[in-house]
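Undergrad: Please read through the structure below; I'll follow up with questions.
What follows draws every value from the coordinates through simple rules; no lab data is involved. Just so you know, these numbers come straight off a predicted model, no measurement behind them. All Cβ positions, even for glycine, are placed from backbone atoms using ideal geometry, and neighbour counts span all protein chains on display.
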Amino acid sequence: MSEGAISITQARLILGVDAAAGDEVLRRAFRAAVKASHPDRPGGDGERLRQVIEAYRLLNPGSVVRPQPRSRSRLSRLTITPEDVLFGGWRPVRLDDGRTVRLHLPIGLREGERISIDGKVMAVSIAGGVGAAVLGDHLCLTVQVEPSLLRQGGRLVVETPTGPRSLWLTAQDGVRGLVRVAGQGLPPRGRYGRGHLFIRLQAVHETPSQTEAEDKRRRFNAAWAA
């Protein structure tokens with residue numbers, strides 16, 4: 001996902017709650033997400049923790065979030081792509097001492113996992129590509145869609161890392177600007193389950209003012225639905 005402020009839809013996705021979630025449900029989801037993402041825990045990650053806190057503040061504006069302690073140590077980062085996560089395989093890795101080694105990446109790695117490379121432990125960081133990002137177990141894509149298709153619905157073919165996928169959009173999908181394809185996200189691995197594919201629908205030929213107005217309308221609709 002792009003950098004900057006997250007939307008209400010993205011915040012719900014980060015915490016794993018729906019529009020009907022009340023204060024207590026939000027608090028439980030927030031505590032669980034903080035526990036899973038804290039850098040001092042296996043599989044934790046500082047950037048993920050920042051997203052969790054931002055999502056909770058957006059969904060529960062009156063909340064008070066205590067600052068989280070910084071990780072006691074910093075690991076070197078191994079930056080991979082969403083394609084690396086989906087397909088795994090061999091790739092060259094440059095170490096801090098200047099040497100380059102070949103590393104076999106297992107399929108389904110997650111943000112913050114630890115990998116030992118030539119005796120050195122590194123933390124996995126998944127970098128988003130053009131229009132693609134990984135959030136938890138989920139693969140998130142942004143696609144350009146004709147405004148008429150967003151308004152009226154219809155068939156949309158989306159190019160995904162695993163090949164083209166044909167979807168049928170409804171007018172409601174166009175209003176939400178987001179489509180979920182169940183079970184088509186990151187593959188399962190160990191304690192991690194199979195994720196979903198989330199497709200953000202962005203109208204083509206949008207000017208900045210049109211995009212801003214659309215974002216405001218979607219935020220209003222999401223707040224009204226809540």
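Undergrad: Taking the number of other C-beta atoms within 10 Å as the exposure measure, put ASP173, ASP23 in order starting with the fewest. Please report the intermediate quantities before stating the final value.
TA: Values: ASP173 20, ASP23 11.
Arranged by neighbour count, lowest to highest, ASP173, ASP23 become ASP23, ASP173.
Undergrad: Within a 10 angstrom radius of the beta carbon, how do TYR56, TYR192 rank from fewest other beta carbons to most?
TA: On the way: TYR56 23, TYR192 16.
Ordered from fewest to most neighbouring Cβ atoms within 10 Å, TYR56, TYR192 come out as TYR192, TYR56.
Undergrad: Sticking with this one: Once the Cα gyration tensor of the range 8-59 is diagonalised, what are the square roots of 5 times its eigenvalues, in whole Å and ordered largest first, as equivalent ellipsoid semi-axes? Walk me through the numbers before you get to the answer.
TA: Values: eigenvalues 74, 24, 12 Å².
In descending order the semi-axes read 19, 11, 8 Å.
Undergrad: Where the centroid of each part is defined by its Cα atoms, how far is the range 87-163 from the range 167-205 in Å?
TA: Going from one Cα centre to the other spans 15 Å.
Undergrad: A further question on this structure: By count of other Cβ within 10 Å, fewest leading, how are ILE126, ILE8, ILE199 ordered? List each step's numbers first, then the result.
TA: Working: ILE126 22, ILE8 19, ILE199 25.
Least crowded to most crowded, the residues run ILE8, ILE126, ILE199.
Undergrad: I would also like to ask the following. Can you list the GluC sites (Glu not before Pro) in the range 96-160 that are in a DSSP coil and have 15 or fewer other beta carbons within 10 angstrom?
TA: Values: sites: GLU111, GLU113, GLU159; in loops: GLU111, GLU113.
Loop-located and lightly packed - none at all.
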